[in-house]
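**Q** Next up is a structure, given as structure tokens.
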Amino acid sequence: MHNALLFLVLLLTACKRPETTAAAAAVEGPCRSVMFEGERFTICRDPAARLELHVAGRDGRPYRSFAALEQVLGKRAASVRFAMNAGMFDVDGNPIGLAIAGGQPLKALNTRIKGGGNFHLQPNGVFLVHADGKAEIVTTPAYTAAPDIALATQSGPMLVIAGQVNPRFSPDGTSRYVRNGVGIGPDGVPVFAISDGAVSFGKFARLFRDELKTRDALYLDGSVSSLWDPANGRMDSFSGLGPMIVAFGERAP
């Protein structure tokens, strides 16, 4: 009888191991949920990932959705760590500011100061990644073209500038949308964030400054802000997106 009970205990223990392993694996993805000032945000970062900007296919037509991008990527889709829409665009989905993908310029820097929409809320800026993987966020006036820039997307407004929240923001204004943006963490790794609900510019900027400790952060978009997070089974279904930044689990070209 004793041997039978011991066997049953060992059998049950063995059966639980795969569940424990699976549960641990489910939280090892690059995206996590955090609460900040009463709102929930999803934060994504992966120091080992290779970031790419994806705008349009070989036919020149913008993808407009993660589902379309996944189809075009084919087998490479299996190595996607996360993806987020990244930068302002026109009605057809084309970038309205600087866009560099794979080291190739797709759109020139937009230095226009006045205009409608968030893009022209000054200062706006550029998120860029050099060929060696070093990432930066600079204001548009501070941007300098260089042959080693592999990725760049221009958007606006800047959320955090040299450790300070953009002075144009109210602490918690009435303009509230689901928003997404990117900052550079203290370790130099880009950190992307998207709000789960509608938030103000002020609160979103403080998330980057106070919670994520970024000295510089750039607003990427609002209202249609979207995330593809394969590890957690999330693929937002907006079909009117513009440029997208994709983090691949591979460093080699």
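**Q** Right, PHE208: open to solvent by less than 60 Å² (accessible area, probe 1.4 Å) and farther than 21 Å from LEU73 by Cα or not? Full working, then the answer.
**A** Values: open to solvent by less than 60 Å² (accessible area, probe 1.4 Å): yes; farther than 21 Å from LEU73 by Cα: yes.
Against the criterion (open to solvent by less than 60 Å² (accessible area, probe 1.4 Å) and farther than 21 Å from LEU73 by Cα), PHE208 qualifies.
**Q** Quick one: which strands (runs of 3 or more DSSP E) lie wholly within region 19-65 and hold at least 3 residues that are open to solvent by 30 Å² or more (accessible area, probe 1.4 Å) and modelled with pLDDT of 95 or more? If you could, list the steps in order and put the result at the bottom.
**A** Numbers: elements: 31-36, 39-44, 50-54.
Those strands (runs of 3 or more DSSP E) span 31-36, 50-54.
**Q** If we scan region 40-55, do we find a residue that is over 25 Å from GLY156 (Cβ atoms) and free of Cβ contacts under 8 Å to residues at least 12 places away in the same chain?
**A** Looking for residues that are over 25 Å from GLY156 (Cβ atoms) and free of Cβ contacts under 8 Å to residues at least 12 places away in the same chain, one finds none in region 40-55, hence no.
**Q** Please verify whether LEU98 is under 30 Å from ALA142 (Cβ atoms) and touching a helix residue (DSSP H, G or I) at 6+ places or on another chain (Cβ under 9 Å), treating the condition exactly as stated.
**A** yes
Quick grid of which residues meet (1) among the acidic types (Asp, Glu); (2) in contact with a strand residue (DSSP E or B) (Cβ under 6 Å, 6 or more places away or on another chain); (3) touching a residue at least 24 places away in the same chain (Cβ under 8 Å):
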| site | (1), (2), (3) |
| --- | --- |
| ASP172 | yes, no, yes |
| GLY188 | no, no, yes |
| VAL191 | no, yes, yes |
| SER200 | no, no, yes |
| PHE208 | no, yes, yes |
| LEU212 | no, yes, yes |
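**Q** Restricting attention to region 117-139, which residues are open to solvent by 10 Å² or more (accessible area, probe 1.4 Å) and either hydroxyl-bearing (Ser, Thr, Tyr) or part of a loop (DSSP other than H, G, I, E, B) (or both)?
**A** Matches in region 117-139: GLY117, LEU121, GLN122, PRO123, ALA131, ASP132, GLY133, LYS134, THR139.
**Q** Quick check on my filter: what residues within region 89-116 are more than 22 Å from ASP216 (Cβ to Cβ) and exposed (fewer than 15 other Cβ atoms within 10 Å of the Cβ)?
**A** ASP90, VAL91, ASP92, GLY102, GLY103, GLN104, PRO105, ALA108, LYS114, GLY115, GLY116 - these are the residues of region 89-116 that are more than 22 Å from ASP216 (Cβ to Cβ) and exposed (fewer than 15 other Cβ atoms within 10 Å of the Cβ).
**Q** With the structure loaded, tell me whether PRO230 is at pLDDT 95 or above, crowded, with 17+ Cβ neighbours inside 10 Å and farther than 16 Å from ALA77 by Cα or whether it fails that test. Walk me through how you get there before you give the answer.
**A** Details: at pLDDT 95 or above: yes; crowded, with 17+ Cβ neighbours inside 10 Å: yes; farther than 16 Å from ALA77 by Cα: no.
Judged against the criteria, PRO230 is not a match.
**Q** Which of the residues that make up region 141-162 are out of contact with any His (no Cβ under 6 Å at 6 or more places or on another chain) and open to solvent by 10 Å² or more (accessible area, probe 1.4 Å)?
**A** Scanning region 141-162 gives PRO141, ALA142, TYR143, THR144, ALA145, ALA146, PRO147, ALA150, ILE161, ALA162.
The values are calculated or read from the model by the stated rules, or taken from the named source; none is laboratory data. On a predicted model such as this, the values are computed, not experimentally measured, just so you know. Positions of Cβ are generated from backbone atoms using ideal geometry, with glycine treated the same way; all protein chains shown enter the neighbour counts. Protein only, heavy atoms only, side chains kept; ligands, DNA and RNA dropped before computing areas. Shrake-Rupley method; radii C 1.70, N 1.55, O 1.52, S 1.80 Å.
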